[in-house]
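Some notes on the structure that comes next.
The values are calculated or read from the model by the stated rules, or taken from the named source; none is laboratory data. All values derive from a computational prediction rather than experimental measurement. FYI the Cβ positions are ideal-geometry reconstructions off the backbone, even for glycines, and counts take in every protein chain you see.
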Amino acid sequence: MTATIIDGKAFAASVREKVAAQVSRLKADHGITPGLAVVLVGEDPASEVYVRNKGKQTVEVGMNSYEHKLPAETSEGELLELIARLNADPAVHGILVQLPLPKHLNEDLVINSIDPAKDVDGFHISNVGLLATGQKSMVPCTPLGCLMMLRDHHGALSGLNAVVVGRSNIVGKPMAQLLLRDSCTVTVAHSRTKDIEEICRRADILVAAVGRPEMIKGDWVKPGATVIDVGINRIPAPEKGEGKHRLVGDVDFASAAEVAGAITPVPGGVGPMTIACLLANTLTACARANN
Ligand code: GUN
């Protein structure tokens, strides 16, 4: 293996340390404690794990965590009512509604009912528009974490060819906007892209966010490129025993690490950075609210 491993776990710990230091300063100097409200509707087991981790890490950096767990059959009206209460609550600086929502709830309507200033996910249409026009906004946590690792590894990104594989609202599109803002030449590739392997091979920066286990092979990677793997896929691992699983990314790590200059592992790459950036966004929202 030739690639440098980008250690997202260590990087996330350093981000959390900085956030914790600023939280303690806010408390000491202004008597303010940032608060993050997380709303979970239904009992999706993966979402429950994420929400538990978010709550735990929020408290660990000294912030207040407010968890709202609602039954799967919660009506849209009830959910909107809760969001209106959180919007009006001065102790709540950040609001996150865990996605996906149960099918009977209109995700766009729900997200757009969050006060944009408290939208720590950066999913509200106002924040999407602000980011796209280069104005100050809340930036979605996963792409923000990817950008921080890229800047840390490369320094300036200006002029680099960046290829983002995936066009989701949560990762692909905001990732492309952030790379463009840093003066990369950006291509967004997706399931209908022709000659996708060839396009990937031109990338100095390759961000994989498609949700397809180990899709991107080593021979899709330009020698020396930086590969950021956003995928978290559970695949069967019979070698570990009956019914066992293992986590893999969207990149075939073994073959890509032979060619890339640097690569994020799964787990321990992008994943830990997402929650660290959520905490950083909550601190930002709190600081702006009290400015
Ligand atoms: N579900 C998967 N990723 C995310 C995320 O970043 N934010 C929210 N709210 N839900 C998610």
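Here is how the numbers come out for the structure above:
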read-out: Single unsatisfied condition, residue 56 versus (1) surrounded by fewer than 14 Cβ atoms within 10 Å (Cβ to Cβ); (2) touching a His at 6+ places or on another chain (Cβ under 9 Å); value: (2)
read-out: Index of the failed condition, residue 216 passing every other in (1) within 15 Å of the ligand (Cβ to nearest atom); (2) touching a Gly at 6+ places or on another chain (Cβ under 9 Å); value: (1)
read-out: Only one of 12, 46, 20, 3 that is over 30 Å from residue 204 (Cα atoms) and modelled with pLDDT of 95 or more; value: 20
read-out: Scan of segment 87-145 for residues that are away from the ligand (no atom under 15 Å from the Cβ), without any contact (Cβ under 8 Å) to a residue 60 or more places away in the chain and among the small types (Gly, Ala, Ser), ordered by number; value: 88, 91, 126, 129, 132, 134, 137
read-out: Any hit, segment 259-278, residues being surrounded by fewer than 15 Cβ atoms within 10 Å (Cβ to Cβ), at pLDDT 95 or above and away from the ligand (no atom under 16 Å from the Cβ); value: no
read-out: Count - residues of segment 169-196 that are within 16 Å of the ligand (Cβ to nearest atom) and in a loop (DSSP other than H, G, I, E, B); value: 3
read-out: Segment 234-269, residues that are under 19 Å from residue 12 (Cβ atoms) and hydroxyl-bearing (Ser, Thr, Tyr); value: 264
